[in-house]
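In what follows, a single structure is set out as structure tokens and then discussed.
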Amino acid sequence: MNFNLDILRVISNNVKPSVGKILISEPLLDDLYFGRSVVFLIDEVEDSFMGLVLNNTSDLLLKEVIDGFDNCDCPLFLGGPVNPDVLYYIHTYKNISDVENISENLYFGGDLDEIRLLVSQGKLNNSNIKFFIGNAGWAPGQLCEEISFNSWLVSDVPRKFLFSNHLEMWSESLGFVSDRYQIWKNFPINPDLN
């Protein structure tokens with residue numbers, strides 16, 4: 001059976017990648033970290049980018065890996081293949097030492113002891129903090145090249161989307177781009193098995 005793969009072409013996506021935006025992978029991207037992924041861009045320096053894969057869970061809870069998070073049922077996500085031994089986190093709590101502002105009411109990092117205390121007090125939970133091991137990184141010009149090769153759609157999303165159900169995140173992310181891409185939701189992961 002022949003497929004018209006033109007439906008996979010990314011067109012009219014003139015949103016440029018920048019901090020606070022997401023990348024939505026095209027449906028046939030075959031990669032452990034990036035297949036059907038949603039990546040949140042958290043840093044940009046001279047056209048190089050760092051992001052966190054929002055919907056690739058490790059099947060571990062933070063409390064199983066990091067001491068002092070006993071009351072936290074937060075999943076630990078695989079943020080990407082770069083620095084896989086480093087813990088990253090995004091959250092909505094600005095009153096933390098060494099925190100970086102990403103966008104309105106959204107922050108990256110901060111003092112881990114303060115995070116631990118806020119989690120134990122119930123002020124940070126699955127609805128407003130997300131933890132990752134590793135990150136995704138692109139050298140200068142690399143991400144823009146991948147976008148030109150139709151690997152990614154770029155979009156803005158509301159803050160609450162970042163903390164939504166990771167199992168449905170890729171499909172739901174397509175609601176933030178042109179209706180043209182809705183067909184991607186129905187595209188099989190492996191068309192050869194259809």
- Note on the structure: Pairing a residue in segment 77-102 that is at positive phi with any residue that is aliphatic (A, V, I, L, M), where Cβ atoms lie under 8 Å and the two sit 6 or more apart in sequence or on different chains, gives G80/V39; G80/L52; G80/V53; G80/A136
- Query: Being closer than 15 Å to I147 by Cα, among the aromatic types (F, W, Y) and at pLDDT below 95, is that true of even one residue in segment 13-33?
  - Reply: no
- Message: Checking G134 against (1) at negative phi; (2) of a type outside the set (A, V, I, L, M); (3) not in a loop (DSSP other than H, G, I, E, B): exactly one of these is not met. Which one?
- Response: (1)
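Here's the yes/no breakdown for (1) at pLDDT below 95; (2) within 14 Å of W138 (Cα to Cα):
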| position | (1), (2) |
| --- | --- |
| V39 | no, yes |
| I42 | no, yes |
| D47 | yes, yes |
| D59 | yes, no |
- Would you mention how many residues in segment 14-31 are part of a loop (DSSP other than H, G, I, E, B), of a type outside the set (D, E, K, R) and touching a residue at least 24 places away in the same chain (Cβ under 8 Å)? 8
- Task: With the condition kept exactly as written, say whether any residue in segment 168-191 is in contact with a helix residue (DSSP H, G or I) (Cβ under 6 Å, 6 or more places away or on another chain) and part of a strand (DSSP E or B).
- Result: no
- Failed criterion for F131 (all others in (1) aromatic (F, W, Y); (2) at pLDDT below 90; (3) within 20 Å of S58 (Cα to Cα) hold): (2)
- Query: Going through segment 95-117 one residue at a time, which ones are surrounded by 13 or more Cβ atoms within 10 Å (Cβ to Cβ), farther than 16 Å from K21 by Cα and either polar (S, T, N, Q) or in contact with a strand residue (DSSP E or B) (Cβ under 8 Å, 6 or more places away or on another chain) (or both)?
  - Reply: I96, V99, G109, G110, L112, I115
- Message: So the check is Cβ under 8 Å with 6+ separation or different chains; which pairs have a first residue in segment 167-194 that's more than 21 Å from T57 (Cβ to Cβ) and surrounded by 14 or more Cβ atoms within 10 Å (Cβ to Cβ) and a second one that's modelled with pLDDT under 90 and among the polar types (S, T, N, Q)?
- Response: V177/N13; R180/S12
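The values are calculated or read from the model by the stated rules, or taken from the named source; none is laboratory data. Quick caveat, the model's predicted, so the values are computed rather than measured. As a convention, Cβ positions derive from the backbone with ideal geometry for all residues, glycine included, and neighbour counts pool all protein chains shown.
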